[in-house]
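J.: Encoded as structure tokens, here's the structure I'll be asking about.
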Amino acid sequence: MLKDGAMKTFSAVPGKERSLEVACNLCFSNRYKTVLKSAYFLFVKSSSCGLIYQNPQPLFADHKERYTADYFKYEFNNEENFFRLMKLGLKDICMDRLEPDNGRGRFLDIGCATGKLMEDMRGRGWQVQGVDLSRESAEYGWKKRKVKIFAGTLEQAAFQSGSFNIYSLLSPH
């Protein structure tokens with residue numbers, strides 16, 4: 001816990017992380033309202049379509065520096081807290097009521113960490129796969145949860161278009 005009672009929601013603060021202001025990825029609008037602000041990040045809501053996204057966004061070259069050897073330990077130690085946050089967010093959009101079609105539903109978790117959400121979705125009948133930058137987190141998910149996690153970027157994973165019914169890109173930290 002931090003001094004004010006808030007939970008720490010990042011693994012390591014990079015020395016100097018550059019960022020870039022971006023338009024909404026869904027509607028391409030540059031109009032937005034701030035919905036969550038901290039010393040480390042800002043989340044906004046598109047005034048056009050309602051998508052909530054981080055803006056400005058860290059440059060990938062700097063952002064990937066967060067995934068140090070300590071990252072897996074941080075994810076492992078906090079996975080239950082993060083999982084609870086993800087479940088609350090998914091409940092808000094009624095994801096908890098969405099069921100796969102005859103066991104053929106395919107779910108991709110981008111930034112899946114240790115695969116905790118994937119394990120839950122598989123238990124609900126979804127075929128699951130994940131992508132995460134942390135090799136240690138991916139290996140843990142493979143070994144402990146028996147879920148398929150690609151260690152690298154979404155672009156490197158190179159999934160074919162239409163491979164999944166649902167994509168999750170949740171970041172509780």
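J.: Among DSSP beta bridges lying fully in the chain, give the percent that are antiparallel, nearest 5.
T.: Percent antiparallel among DSSP bridges in the chain is about 45.
J.: Give me a comma-separated list of calculated 3J(HN,Hα) values for region 159-165, in order, Karplus coefficients 6.51, -1.76, 1.60 applied at θ = phi - 60°, integers in Hz, x for any Gly or Pro.
T.: Values, residue by residue: 5, 6, 4, x, 6, 10, 8 Hz.
J.: Then there's this: For region 97-164 and region 23-65, what is the separation of their Cα centres, given in Å?
T.: Cα centres, region 97-164 to region 23-65: 24 Å.
J.: In the structure shown, do any of 45/144; 33/146; 45/143; 91/143; 37/146; 37/148 have a Cα-Cα gap over 32 Å, and if so which?
T.: Over 32 Å apart, Cα to Cα: 45/144; 33/146; 45/143; 37/146; 37/148.
J.: In addition: Hey, what do the phi angles of region 84-94 turn into as Karplus ³J(HN,Hα) couplings, whole Hz, using 6.51/-1.76/1.60 and θ = phi - 60°, x for Gly and Pro?
T.: Those phi angles translate into 4, 4, 5, 4, 4, x, 5, 5, 4, 9, 6 Hz.
J.: In the chain, once you exclude exposed trypsin sites (Lys or Arg not before Pro) (DSSP loop, at most 16 other Cβ within 10 angstrom), what's the longest stretch remaining?
T.: Free of exposed loop sites, the longest segment is 32-103.
J.: If amide H atoms are built 1.01 Å from N in the plane of the peptide, which residues on other chains or at least 5 residues away come under 5 Å of the amide H of residue 19?
T.: The list, which skips near neighbours in sequence, is 59.
J.: Report ³J(HN,Hα) in whole Hz for each residue of region 47-59, in order, from the Karplus equation J = 6.51 cos²θ - 1.76 cosθ + 1.60 where θ = phi - 60°; Gly and Pro get x.
T.: Each residue of region 47-59 in turn: 6, 8, 10, x, 5, 9, 8, 7, 7, x, 9, x, 5 Hz.
J.: Which distance in nm do the two modelled labels at residue 94 and residue 73 give, with both placed 7 Å along the Cα-to-Cβ direction?
T.: Result: 4.4 nm between the two label points.
J.: If you don't mind, another one. With charges only on Cβ, +1 for K and R and -1 for D and E, what is the dipole size of the chain about its Cα centre, in debye, rounded to 20?
T.: Details: 26 positive and 20 negative charges, 43 e Å.
With only Lys, Arg, Asp and Glu charged at Cβ, the dipole is about 200 debye.
J.: Under 1.5 on a/c is rounded, so check that first for region 71-168, then, if it is not, pick prolate when a/b is larger than b/c and oblate when it is not; a ≥ b ≥ c are the square roots of the alpha carbon gyration tensor eigenvalues.
T.: It comes out oblate by the Cα gyration axes.
J.: With a 10 Å cut-off between alpha carbons and a GNM built on the chain, which of 48, 163, 38 moves the most?
T.: Comparing 48, 163, 38 in a Gaussian network model of the chain, the most mobile one is 38.
J.: For P(r) over Cα pairs in 5 Å bins from 0, in percent, the listed values are [x] 1, 8, 15, 19, 21, 19, 12, 5, 1, 0; [y] 1, 8, 17, 22, 20, 14, 10, 5, 2, 0; [z] 1, 8, 17, 19, 18, 14, 10, 6, 4, 2, 0, 0; which was obtained by calculation from the structure presented?
T.: [x]
J.: Something else now. Just to confirm a number: summing +1 for Lys and Arg and -1 for Asp and Glu over residues other than residue 116 whose beta-carbon lies under 12 angstrom from that of residue 116, what do you get?
T.: -2
J.: Taking chymotrypsin sites (Phe, Trp or Tyr not before Pro) that fall in a DSSP loop and have at most 11 other Cβ atoms within 10 Å as cut points, what is the longest piece of the chain between them?
T.: The longest such stretch corresponds to 41-173.
Since every read-out is calculated from the coordinates, none of them should be taken as a lab result. Since the structure is predicted, the reported quantities are computational estimates derived from the model, not experimental observations. Cβ: placed from backbone, ideal geometry, glycine included. Neighbour counts: every protein chain shown.
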